[in-house]
Amino acid sequence: MSREKVLKTKMHHSFGDNMLAVVCYIIFALCALICIYPFYYIFINTISANDLSARGVILFWPKGLHFKNYLSALRIDGLFQAAKISVLRTIIGTVGTVGASAFLGFMFTQDNMWHRKLWYRLVVATMYFNAGIIPWYLTMRNLHLTNNFWGYIFPAVVSPFYIILTKTFVESVPKELQEAAQIDGAGIMKIFFKVMLPVIKPIMATVAIFSAVNQWNSFQDTLLLVTDTKLYPLQFILYQYLNQASSLAGLANTNNSASMAAAVATSQTPTSVRMTVTIIVVIPIILVYPIFQRYFVKGIMIGAVKG
């Protein structure tokens, strides 16, 4: 038999359609620029001459290029310990939150769970009502979670918003999968680990992104619960640096052995300290985001539409 030729039809766009597309691309490009420029502005100020950066003349292009700000920032005491705490709380907290959200979201879809609707409503109610900071602090103190690393982890493990997202996603999975596993004799835990976990990876990745960003950026719990400097995370160090940038700039200058000729351009200023530490704190979480990007859109859309 002779091979049939396939006619390729081209869509003809009118002049108005083309102009609308151009306008949309321009608007999206401007929105992207508005989002990217603050990070770019901070970065070029960290690698520019510090005296120019302090005067606010670095707007679009770096001047007096150097990288001594990063070397000076890394010499400041406590930075590596704070990075260790931030990484640990982000990893452990994210794993705990994702695991609890996946399991509870799954259990709240099981008809044979004892008083399922009651427990679900009690969990959701905590999104709208809370006792306030003082009762929360007293509870944390009575549980011996002040000046304790686990004070960063336990309060964030059960999150109503993430549980709702996961539950809605689980409800979109065909029930025939669970029914087939039950017929084969699988119990509830085996169904969860063997059947559900592989299926709900998109929403778990979405929860992981949200939880990781929250854990990495959090510092208010440190402000309320922690006085031990060994438990300070990077964000709290950044908070301190923003308030004490002048003294830290002097400390960094004391630790530097730069030549007098380059002292004016590379000596630390409050502006250089603020911006350099900001970049150091922000970059890690930005680099993690693309890893989960392919799951993010699918997970948040399915988890938000149904139910």
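Here are the numbers for the structure shown:
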item: Options PHE60, PHE67, PHE28; residue that is assigned by the TED database to the domain that holds VAL282, of a type in the set (Phe, Trp, Tyr) and under 30 Å from LYS230 (Cβ atoms); result: PHE67
item: Which listed residue, of TRP114, TRP136, is open to solvent by 30 Å² or more (accessible area, probe 1.4 Å), at negative phi and not in a helix (DSSP H, G or I); result: TRP114
item: Number of positions in region 161-201 that are small (Gly, Ala, Ser) and either in contact (Cβ under 8 Å) with a residue 40 or more places away in the chain or exposed (fewer than 15 other Cβ atoms within 10 Å of the Cβ) (or both); result: 4
item: Candidate set: region 210-231, residues that are among the aliphatic types (A, V, I, L, M) and surrounded by 21 or more Cβ atoms within 10 Å (Cβ to Cβ); chosen: the one farthest from the chain's Cα centre (by Cα); result: VAL226
item: Residue in region 43-69 that is nearest to ILE279 (Cα to Cα), counting only those that are of a type in the set (Ser, Thr, Tyr) and in a helix (DSSP H, G or I); result: THR46
item: Test: VAL158 is surrounded by fewer than 16 Cβ atoms within 10 Å (Cβ to Cβ) and in contact (Cβ under 8 Å) with a residue 12 or more places away in the chain; result: yes
item: Number of the condition not met by LYS84 [criteria: (1) open to solvent by less than 30 Å² (accessible area, probe 1.4 Å); (2) part of a helix (DSSP H, G or I)]; result: (1)
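Okay, residues lined up against (1) modelled with pLDDT of 75 or more; (2) in contact with a helix residue (DSSP H, G or I) (Cβ under 9 Å, 6 or more places away or on another chain); (3) in the same structural domain as ASN45 (by the TED database); (4) in a helix (DSSP H, G or I):
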{"position": "PRO202", "(1), (2), (3), (4)": "yes, yes, no, yes"}
{"position": "ALA205", "(1), (2), (3), (4)": "yes, yes, no, yes"}
{"position": "TRP216", "(1), (2), (3), (4)": "yes, yes, no, yes"}
{"position": "LEU238", "(1), (2), (3), (4)": "yes, yes, yes, yes"}
{"position": "SER257", "(1), (2), (3), (4)": "no, no, yes, no"}
{"position": "ALA263", "(1), (2), (3), (4)": "no, yes, yes, yes"}
{"position": "THR271", "(1), (2), (3), (4)": "no, yes, yes, yes"}
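The values are calculated or read from the model by the stated rules, or taken from the named source; none is laboratory data. This is a predicted model, so every value here is computed, not measured. Note that we place each Cβ from the backbone using ideal geometry, even for glycine, and neighbour counts take in every protein chain shown. Please note that ligands, DNA and RNA were not included when accessible areas were found on the heavy atoms of the full protein model with its side chains. Shrake-Rupley method; radii C 1.70, N 1.55, O 1.52, S 1.80 Å.
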